[in-house]
Amino acid sequence: MKFLSKKSTAVILAALMALPLAACGNQKSSTEATVATIDEAVHSTAASTADQAKSSAKKLTEADVNTTQTIENTTGGEHAITADGEKASYSNVKVVKSGDSSENDEADFYGDNATIFATNAGTLDLSEIVVKSDGKHANGVFSYGEGTTVNIKDSYIETAGNCSGGLMTTGGGTMNATDLTINTSGNSSAAIRSDRGGGTVNVSGGYYTTSGTGSPVIYSTADITVSDAEMASTASQGVVVEGKNSVTLNNVNLNADNNKKNSNKSSWYQAVMIYQSMSGDAAEGTSSFTMNGGTLTNENGDIFFVNNTATDISLTGATITNNDTEGVFLRAAAAGWGSEGKNGGQVTMKTKQQTINGDMVVDDVSHLNLYLSENSVYKGAINSSGQAGEVYVDLSGGAKWTLTSDSYITSLACDADSIDLNGHTLYVNGKAYTAGTASTGEAIAVVSTGSGHGGGSTPPDQPGEGGSDHGTPPEKPNN
């Protein structure tokens with residue numbers, strides 16, 4: 001696989017300025033300068049990586065959308081457009097929202113103060129619209145509840161307030177989006193956002209950018225699939241998956257620059273964070289992150305961080321680059337969530353036709369099952385400081401591992417020509433591996449006490465559940 005060079009990604013570092021959930025305060029500032037900076041970075045990346053995966057994304061500005069009328073609401077807690085148990089459609093409309101919500105849970109879980117809101121199994125079709133909000137807890141487009149569906153295409157969304165996502169889905173709702181441009185600048189304002197009760201989100205094409213603290217491009221407590229899109233975050237992770245939920249990226253180009261913290265729960269920065277907060281917003285159980293093709297470029301810290309949960313990570317033919325030479329490819333480790341001694345990361349990573357560069361760190365309360373297959377190539381070290389958590393490595397189908405330092409793992413399955421020690425020593429369960437020998441070993445059982453698992457063991461080579469069960473969607477009080 002071809003990787004981004006330092007030179008090609010320096011454009012992003014010049015152009016762009018951790019916890020996923022930031023404290024919500026008032027923030028009502030213009031996003032024009034930020035949007036211009038992010039757009040410049042995305043275009044520079046695309047221009048300098050013409051040989052990489054191409055998406056069908058198209059970038060919109062507000063002026064690109066032909067609107068013939070304006071719908072506005074300035075009252076806190078209200079909506080500019082509502083579809084309540086009905087089918088409605090809007091096109092060529094500019095929708096503007098101001099006013100704050102004083103009820104955090106009402107806004108985050110049930111859609112209070114959202115600019116556009118669908119609920120009670122309503123269906124809302126939106127095309128060629130502009131959505132702008134500057135209030136606190138003023139999400140752009142919100143789908144709440146089982147049977148509720150929002151379809152939106154060819155539209156521009158901009159939010160400036162804290163806790164104001166671009167697309168928001170909760171309570172089992174459905175969101176289908178095509179060729180959108182979304183820019184958010186508030187804290188805790190993911191471009192594609194979900195909360196308690198989750199749902200299903202399908203995004204195709206478009207540009208999605210964030211600049212606020214605790215504002216990844218995607219924050220998932222749902223099943224979220226994004227295809228053929230361009231994404232950039234300039235302060236937070238690129239993607240966060242919480243609990244028993246999933247994110248799938250198909251031919252997506254993502255640049256993440258996680259460089260701001262709003263908590264001391266973790267000392268690391270990362271592009272993709274997979275965790276369980278124990279807040280009740282996401283059911284416990286095995287999550288999943290899948291990337292097919294596309295590019296993932298990280299500017300600061302690690303590529304993947306897994307904490308206090310079990311997860312399946314699947315990578316197929318993606319170009320993954322870490323511009324932080326001190327960062328690692330994968331860190332599975334305890335942090336400030338969960339119970340001490342039981343809050344590590346349980347990772348099953350599977351690769352096909354995938355190149356990986358970078359070390360992997362698995363602490364003593366975590367474990368890793370690493371499956372490299374179909375000519376995948378790994379150059380790096382695993383637990384180079386010594387044995388810590390359990391690690392199983394399985395190389396098959398022509399996969400190769402070249403060590404960059406001494407490595408310590410628990411179990412190994414490989415062909416005789418799978419491993420290049422490169423002058424280093426690979427310790428398998430405390431014994432030095434002999435170059436040029438085949439090995440057989442057993443994977444580590446994944447044990448989860450989360451919802452739907454009953455505390456039992458799941459063989460690591462079986463597909464994860466990845467968010468198929470979000471628990472009971474919350475009922476809106478007095479509804």
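Of all residues in region 269-279, exactly one satisfies the criterion of being at pLDDT 95 or above and not in a strand (DSSP E or B), namely Tyr269. Please verify whether region 200-211 includes one or more residues that are at pLDDT below 95 and touching a strand residue (DSSP E or B) at 6+ places or on another chain (Cβ under 7 Å). No: zero hits.
Scanning region 60-110 for residues that are more than 27 Å from Tyr207 (Cα to Cα) and either small (Gly, Ala, Ser) or touching a Cys at 6+ places or on another chain (Cβ under 8 Å) (or both) yields Gly76, Gly77, Gly85, Ser101, Ser102, Asn104.
Considering only region 236-253, state which residues are more than 10 Å from the chain's Cα centre (by Cα) and crowded, with 24+ Cβ neighbours inside 10 Å. It would help to see each step written out before you state the result.
Initial filter on region 236-253 (more than 10 Å from the chain's Cα centre (by Cα)): 236, 243-245, 250-253.
Hits for region 236-253 are Ser236, Gly243, Lys244, Asn245, Val252, Asn253.
Restricting Thr170, Thr174 to residues that are touching a Pro at 6+ places or on another chain (Cβ under 9 Å) and among the hydroxyl-bearing types (Ser, Thr, Tyr) narrows the list to Thr170.
For region 352-364, the condition of being of a type in the set (A, V, I, L, M, F, W, C), on the phi < 0 side of the Ramachandran plot, out of contact with any Phe, Trp or Tyr (no Cβ under 8 Å at 6 or more places or on another chain) and crowded, with 22+ Cβ neighbours inside 10 Å holds for at least one residue.
Within region 166-199, which residues are charged (D, E, K, R) and modelled with pLDDT under 95? Asp195, Arg196, listed by residue number. I'd like the residue in region 65-96 that is within 30 Å of the chain's Cα centre (by Cα) and among the hydrophobic types (A, V, I, L, M, F, W, C) and, out of all such residues, is farthest from Asp108 (Cα to Cα). Here the residue is Val65.
Answer with yes or no whether Gly198 is crowded, with 24+ Cβ neighbours inside 10 Å, within 27 Å of Met278 (Cα to Cα) and not basic (Lys, Arg).
Working: crowded, with 24+ Cβ neighbours inside 10 Å: yes; within 27 Å of Met278 (Cα to Cα): yes; not basic (Lys, Arg): yes.
Here the answer is yes, as Gly198 does meet what is asked.
The values are calculated or read from the model by the stated rules, or taken from the named source; none is laboratory data. What you see is a predicted model; the values in this text were computed from it and never measured. No Cβ is skipped: glycine too gets one built from the backbone with ideal geometry, and neighbour counts run over all protein chains shown.
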